[in-house]
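See below for the structure under consideration.
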Amino acid sequence: MSKLPKHILVIRLSAMGDVAMTVPVLRDFTEQYPDIKLTVLTRGFFKPFFRDLKNVTVFAIDLEAKHKGFFGLLDLSKELRMLGIDAVADLHNVLRSKILKVFLLDLKPIQIDKGRAERKTLVKGELFEQLKTTHQRYRDVFEKLGVPIKDAPPKFPERSELTTKTLDLIGSDPKKRIGIAPFAAHKSKEYPLPLMEKVIKGLSKEYTVLLFGGKEDAEYLSTLQTEQVHTIAGKLSLDEELDVISNLDVMVSMDSGNAHMAAMLGIKVVTLWGVTHPYAGFYPYNQDPSFALLADRSKFPKIPTSIYGNKFPEGYESCMSTISPDEVIQKVDAIIKKPY
């Protein structure tokens, strides 16, 4: 039996959803290998994602200054070596991580297989079936490192205690809390806002609705506020936002980072899908397949038109309008009122 590593460098620089998807995998790893230290190389902004993981440290990469360019990555490799790492799990496999891998070749880095050929056939319409999930692709890297992660019942952190500041923002009404994150990186992955406003109005009749988004979304979301609808966009740190998400009963999200942030905390997530599709492998962790609401493929047969939603034929930008607001509301109701 080969000797187990003592300290693994885990590389996943971005994007938000992809980084969040590492968390359930690393949580299982730390449960099964409590004596192996993990250092996660990622953007400093994402550090709160890993706050409840045992024996995990975040090393924040500075791609704008200190670690910019070839020589910046060379300096980074020297800093990482000083940590005593003896194995590298590259869960990103992009140019930066490939260059970094060259500086760490003696550690025999293992890179993720993103399944680009399979995804290409999916987008071309040559294949329409479930591909390997991103979570499994992450696990495969650790298996190749000689530390396979066994299947186990999922574990999640306890709900966070909310501060007075946060409760003043979201209210302390005992009603169930529904989070809604209406935005995504690409418009083709966003549910039409007029329809989303109907969803918000419908859900707020029975539940407290909390609206999530970036600072750039805050002005629009603030126009939707009522006694039962509160926006937290741009008002909380990521740490505080994760505290709020951990106290949700359901999150409604696009195929985007908020879905994965909620899933990594064990929150049930209703995902709305446009030109992308769960078959590509980006379905949120441990979610019932019925929680995904998909655009009507009989009317838009080329779905998925791309893996990330950045490419689509003319007319496909409206495909999500085939998901009715009532369908979203009924799905949330079903999740809250029926056990899964």
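The values are calculated or read from the model by the stated rules, or taken from the named source; none is laboratory data. Not measured: the values here are computed from a predicted model. Virtual Cβ from ideal backbone geometry, glycine too; neighbours counted across all protein chains shown. Calculation scope for accessible area: heavy atoms of the full protein, side chains included, ligands and nucleic acids excluded. Shrake-Rupley method; radii C 1.70, N 1.55, O 1.52, S 1.80 Å.
Odds and ends about this structure:
- Tally of residues being assigned to a loop (DSSP other than H, G, I, E, B), touching a strand residue (DSSP E or B) at 6+ places or on another chain (Cβ under 7 Å) and not hydrophobic (A, V, I, L, M, F, W, C) across segment 132-175: 3
- Residues of segment 18-30 classified as within 14 Å of the chain's Cα centre (by Cα) and open to solvent by 10 Å² or more (accessible area, probe 1.4 Å), total: 1
- The set of residues in segment 168-212 being over 25 Å from the mean Cα position of the chain (by Cα) and modelled with pLDDT under 95 consists of Asp168, Gly171, Ser172, Asp173, Pro174, Lys175.
- Output for segment 285-340, where each listed residue is in contact with a strand residue (DSSP E or B) (Cβ under 9 Å, 6 or more places away or on another chain), at pLDDT 95 or above, under 26 Å from His135 (Cα atoms) and open to solvent by 50 Å² or more (accessible area, probe 1.4 Å): Asp288, Leu294
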